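The values are calculated or read from the model by the stated rules, or taken from the named source; none is laboratory data. From a predicted model like this one, the values you see are computed outputs, not experimental measurements. Positions of Cβ are backbone-derived with ideal geometry, glycine not excepted, and every protein chain shown enters the neighbour counts. The area values use the complete protein model at the heavy-atom level, side chains included, leaving out ligands, DNA and RNA. Shrake-Rupley method; radii C 1.70, N 1.55, O 1.52, S 1.80 Å.
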Amino acid sequence: MTGTAPDHQSGPDSRGRLERRLLEHLRTTLQEPAVEFADPPSPISGGYDTQIFAFRLSRAPAQFSGPLILRLLGPKHDPARALREREVQNAVAALGYPAPRVLAASADVSVLDGAFLIMERLPGRPMLEVRKFDIAALLAELQLRLHDLDPEPLVRAVRQEAGGAMPDFDSLLSDLNRRVVRRPIEGLAGPMRWLFSHRPPEPSRRAICHGDFHPQNVLMSGRVVTGVLDWPNALVADAAYDVASTRVILGLVPIELVGVPPALRYLVQVARRLMLGRYLAAYRRCRPLDLRSLPYYEAASSMRQLVRVAEARVSGRLTPLDVSVFGERVAARFRALTGVGPRIPAAPTRADRSRTVGS
């Protein structure tokens, strides 16, 4: 999900320090002491739990000479995540899918105060800025392309190059449960038990699932898709899980958070309901989908969002999504799907947030 970037490297002083350390690292690892910034790192929006910077180099090797992106992970993340993201993106790109290739990744948090990736910057703008019609069909087609890929090269790459197992649905449930117990988030313990006890059987064929597949993570230039971004939630699982995750995001993220003018929000809300139906229909025309398991996977995807929102509200590291009604909408959706009512911390009011900043 997109959101305001965290502030672990904010301010001009921190940014200057980041530039110096990044340049020193690149000169050393590329063995090119003459490398300079043609365009220094400039923050861009888009990362929920990472910072994203655009930059260009001069006097660099050919593969580093184009537009680049630095994706800097926050301190709460396992540094090995950067290595896994590298393998995921490069594996799906090698299979012909439009993911940005990662040129370098480091789990050494001493370099930039967090693990990081350096990848090619793909051209284009988010789908909703480029295309106003037939979004559902294009989204389904692009997701089907991903689900048709053979996941085994990805599984092998993560195991051999990142030193771990590629996440699957079992590891997703285990991670969510660990986070619920650790905090603890008592209002989500019962819903987690429901997910464990109602788990559907393994599918006959697993697919590469993006985990956060929605129009803002798809770049287009004209009528051409140029890239699919934001792969940290990727896993190998039932394709129905990925479809369910997309449906939760498309259906429940508040319209005002995607820049829709107030006068158009009712019409967009109606159009969104139509888009949800068309998206699912377009997907099912090309690939069988077990509609009996889809509600379960929507509940699981809802739990992923609930855990994230609850953690953000408790920690105070909030994005506009976290203080919106999104969490409450997702909780209501989980209840409608399962009959079990999750509870999450209330969103802090503007006055609460002002007092926190001032304290």
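Descriptive notes on the structure:
- Calculated [222 nm] ellipticity per residue, helices only, for the chain: -14500 deg cm²/dmol; basis is -39500 (n - 2.57) per DSSP H run with n ≥ 4, divided by all residues, nearest 500.
- Degrees, to the nearest 10: 152-161 long Cα axis against longest axis of the chain: 50 degrees
- Between the Cα long axis of helix 239-252 and the first principal axis of the chain there is an angle of about 90°, rounded to the nearest 10.
- For the chain, the alpha-carbon radius of gyration amounts to 0.99 times the rule-of-thumb value 2.2 N^0.38 Å expected for a compact globular protein.
- If R0 is taken as 45 Å, the Cβ-Cβ distance between Ala137 and Asp39 corresponds to a FRET efficiency of 0.75.
- Cα gyration tensor, the stretch 25-184 - rounded (a/c under 1.5), prolate or oblate: oblate
- Once the Cα atoms are used to define both axes, helix 265-286 deviates from the longest principal axis of the chain by about 90 degrees.
- Counting only protein heavy atoms and using a 1.4 Å probe, the accessible area of Arg125 comes to about 120 Å².
- Each peptide among 166-179, 274-287, 85-98 gets the average number of other Cβ atoms lying within 10 Å of its residues, and from highest to lowest they stand as 85-98, 166-179, 274-287.
- Protein-only accessible surface order, largest first, of Ser302, Ser110, Ser45 at 1.4 Å: Ser45, Ser110, Ser302
- Order of exposure, largest accessible area first, which applies to Arg223, Arg81 with probe 1.4 Å: Arg223, Arg81
- The stretch 26-65 and the stretch 171-215 have Cα centres lying 36 Å from one another.
- Paramagnetic label zone (point 7 Å from Cα along Cα-to-C-beta, Ala332; backbone N under 19 Å) in the stretch 264-297: 265-277
- Distance between the pseudo-spin-label points of Lys76 and Leu257 (7 Å out from Cα toward the beta carbon): 1.5 nm.
- If you sort Ile118, Ile44, Ile52 by accessible surface, 1.4 Å probe, largest first, the order is Ile44, Ile52, Ile118.
- Gain upon complete extension [Leu291, Thr29; 0.36 nm per residue less C-alpha separation]: 89.3 nm
- Of the solvent-accessible surface of the chain, computed with a 1.4 Å probe and all protein chains present, 52% belongs to carbon and sulfur.
- Accessible surface, the stretch 94-203, averaged per residue in Å² (probe 1.4 Å): 49 Å²
- The stretch 250-359 shape via C-alpha gyration tensor axes, a/c threshold 1.5: oblate
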